[in-house]
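Worksheet for the structure shown next.
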Amino acid sequence: GQAGLPLAAAPGAAAVASGAADAEGDEAETLRTHLQQLQARDPERVFIVRKINRLGFDSPATLKNHFEQIGPVESVLVAHSHVRCNSRTALARLRPSGLGFVLMTSVADVRRVLAAGEFQNVGGVAIRVSPFKKRLALGSLTGAAEE
């Protein structure tokens with residue numbers, strides 16, 4: 001693993017990482033970079049959120065506010081995706097992500113979130129919550145990235 005990868009926040013500061021590469025491609029936040037960042041974290045403090053695209057581009061802040069009712073959220077990692085348009089222009093349209101990761105401060109809080117059920121209502125949207133498992137071997141994260 002790559003130890004020492006920053007998680008977009010200083011220790012003790014809550015971070016909301018949302019993003020996609022800008023026009024220059026600076027610091028692209030992708031599913032791959034998020035998974036690399038999470039490899040250095042305790043998987044018991046992380047859970048996966050799916051079907052969050054209807055929360056829109058503010059989904060990281062919405063998720064953070066929602067799950068902070070249960071306990072402190074260290075960070076929310078959501079990578080919005082660029083979709084090429086079928087028009088003459090070379091511009092890509094940004095699409096809200098349907099998948100994200102929430103890193104809580106405590107394992108007990110993650111267990112409380114998961115105990116609340118697989119489907120949960122966040123901001124009027126039914127999202128799916130599931131445990132995060134650190135990849136032990138190739139292919140063991142099957143199903144985590146719904147493409």
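Throughout, read-outs are computed from the coordinates displayed, never taken from laboratory work. This structure is a prediction, so every number in the text was calculated from the model and none was measured. Cβ sites come from the backbone with ideal geometry, for glycine too, and all protein chains shown count toward neighbours.
Here ALA108 and ARG84 are evaluated by their C-beta separation; at R0 = 41 Å the FRET efficiency comes out at 0.40. With the cut-off at under 20 Å, measuring from each backbone N in region 51-78 to a point 7 Å along the Cα-to-Cβ line of ALA115 picks out 66-74.
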